[in-house]
Every structure is written in structure tokens, then in C-alpha cells.
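**Q** One structure follows; several queries about it will come next.
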Amino acid sequence: RGLAINMSLTFAFLGVMVLSVSAKNLGLLWVCIEGTTLVSALLIGSENTRASLEAAWKYVILCTVGLTSSLFGLILLVNASSQAGIPGTLDPDTLIAAAGKMPPPLLKLSFLLMLVGYATKAGFAPLHSWLPDAHSQAPAPTSALLSGVLLNCSLYAIIRTGGIMEAAGLGLFVRTCYLGFGLVSVILATLFLLVQHDLKRLLAYSSIEHIGLITLGLG
């Protein structure tokens, strides 16, 4: 029975992640990424030990707080689109078309809130504290999905948001943010890799470093 529940949760986890990168609407994208938190937390705590339950709760609390920040960013983005003379929308194509008419200060604040929120879920340093614990306590297949797929879903959300900012003429601001987060992630992850002996935690810090390298490339 335990195996059946675990497999069902794994397929649900995969399904929500596929939906997140398939969603066109930024609001639906946010809902799907929040959904991955709820499903994967059950998988992380599936061993039902003190350490695994602590890691699951830490994961839920930190990622939910982060995604709340992203939600406020989305609300500001809707407000910015309304000020541009179009109905409040989270359709990327509509937002890109109207980006030049939106107030830049409001867009910058919106992007920063979304960046911090999604960066928490993507495992950017210094917002990564949930990730080593979650990886070390999750079953091996779940740990692999966290590294190989989940982190990239949140990074995808950041890229989608950054595209709107680029269209508004804020490309330099966006790339500077990418370079800052990417550089900090690579440096901190490398330092932790040098002193880490637990294999799963080693892979977790390796994931943080890889996310940092991708973000440096984007910047």
C-alpha cells in the first residue's frame, strides 16, 4: 500500500510539473508551481522519520513564503497592465505587447518580488536552505526529480517573467539580477561542496551550483 501511494504521488508530482511548463497564463503557472510544493512535500516526508518530517515542513514553509512573494509580484504586474490601459491580465503575449506602456518602477518591484519568490523554490543561494535537507531525506527517485526537474520549473517561471521586463526596456536590470543570483549561488555552492561528505547533500549543492551556472549564462 505504501508503495502504491508513493507511486501515485510521484505521478502527480510529474503531472503538475508538466502542467507548470505547459501553462501559458502566468497565474496558472504560479498555481502549478505551488502545487508541486504540496505534492513533493508528501514525498519528502514519506519515510515518516523525525528528520524527514522536519525537512518536509521546512520545505513547505520556506517555499510557500517565497511563492507568496511571487504572488504579490503577480498582483503588481496586473496593476501595471491596468495602468497601461489594458484589462488586468496575466497572459504573457498581451503583457509583452503592452510592456512599453507600463510604469518601470512598478515593473521592477514586481520582477524583484517574483524573482525572490521563485528563486527560493529554484534553490538559488542564499535562499537554498531547504534544499540540502529535502534532498537528503527524500527517497532517491524523488531527490532526482527535485534536482533534475523541479528546480528548472521555477527557473522557467523566472525566465517567462524576465521576458516581459526585457520587452519593457528593463533588460539590463534583469540581466544584472541574474548575474548577482547566479554568482552568489555558484560561489556558495562550491564552498559547501568542498566540505560536504554526505552523498545526497553533495548532489543537492551540486544542483544549486548548476542553477547558478544556468543563471549566469542567462545574465
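The values are calculated or read from the model by the stated rules, or taken from the named source; none is laboratory data. Remember, predicted model here, so these are calculated numbers, not experimental data. All Cβ positions, even for glycine, are placed from backbone atoms using ideal geometry, and neighbour counts span all protein chains on display. Heavy atoms of the whole protein, side chains included, go into the accessibility calculation; ligands, DNA and RNA do not. Shrake-Rupley method; radii C 1.70, N 1.55, O 1.52, S 1.80 Å.
**Q** Would you mind telling me which numbered condition in (1) small (Gly, Ala, Ser); (2) over 30 Å from Leu9 (Cα atoms); (3) at pLDDT 95 or above Ala98 fails?
**A** (3)
**Q** Still on this structure, I have one more. Please work out which residue is modelled with the highest pLDDT, limiting yourself to the range 70-95 and to residues that are crowded, with 19+ Cβ neighbours inside 10 Å and among the hydroxyl-bearing types (Ser, Thr, Tyr).
**A** Looking at residues that are crowded, with 19+ Cβ neighbours inside 10 Å and among the hydroxyl-bearing types (Ser, Thr, Tyr), I get Ser70.
**Q** It is to be established whether one or more residues within the range 192-201 are more than 25 Å from Phe72 (Cβ to Cβ) and open to solvent by less than 50 Å² (accessible area, probe 1.4 Å).
**A** The answer is yes; a qualifying residue exists.
**Q** Can I ask one more? What are the pairs, 6+ residues apart or on separate chains, where a residue within the range 170-192 that is in a helix (DSSP H, G or I) has its Cβ under 8 Å from a residue that is of a type in the set (Asp, Glu)?
**A** Listed pairs, sorted by first residue: Val174/Glu166; Ser185/Glu209; Val186/Glu209; Ala189/Glu209; Thr190/Glu209.
**Q** Follow-up question, since we're still on this one. Please go through the range 100-143 and pick out each residue that is small (Gly, Ala, Ser), surrounded by fewer than 19 Cβ atoms within 10 Å (Cβ to Cβ) and within 20 Å of Val186 (Cα to Cα).
**A** Narrowing the range 100-143 to residues small (Gly, Ala, Ser): 100, 110, 117, 119, 122-123, 125, 129, 134, 136, 138, 140, 143.
Filter again for surrounded by fewer than 19 Cβ atoms within 10 Å (Cβ to Cβ), leaving 100, 129, 140.
Scanning the range 100-143 gives a single hit, Ser129.
**Q** Another one. Name the pairs: first residue in the range 16-27 and without any contact (Cβ under 8 Å) to a residue 40 or more places away in the chain, second residue small (Gly, Ala, Ser) and surrounded by 21 or more Cβ atoms within 10 Å (Cβ to Cβ), Cβ to Cβ under 7 Å, at least 6 apart or on different chains?
**A** No pair meets every condition.
**Q** Are there any helices (runs of 4 or more DSSP H) wholly within the range 71-142 with 1 or more residues that are basic (Lys, Arg), and if so which? Walk me through how you get there before you give the answer.
**A** Numbers: elements: 92-98, 104-122, 130-137.
Ranges flagged: 104-122.
**Q** Would you point out the residue of the range 24-48, among those that are outside any helix (DSSP H, G or I) and crowded, with 18+ Cβ neighbours inside 10 Å, that is modelled with the lowest pLDDT?
**A** Of all residues in the range 24-48, those outside any helix (DSSP H, G or I) come to 24-25, 45-48.
Checking which are crowded, with 18+ Cβ neighbours inside 10 Å leaves us with 45-46.
Details: Gly45: 90, Ser46: 86.
That would be Ser46.
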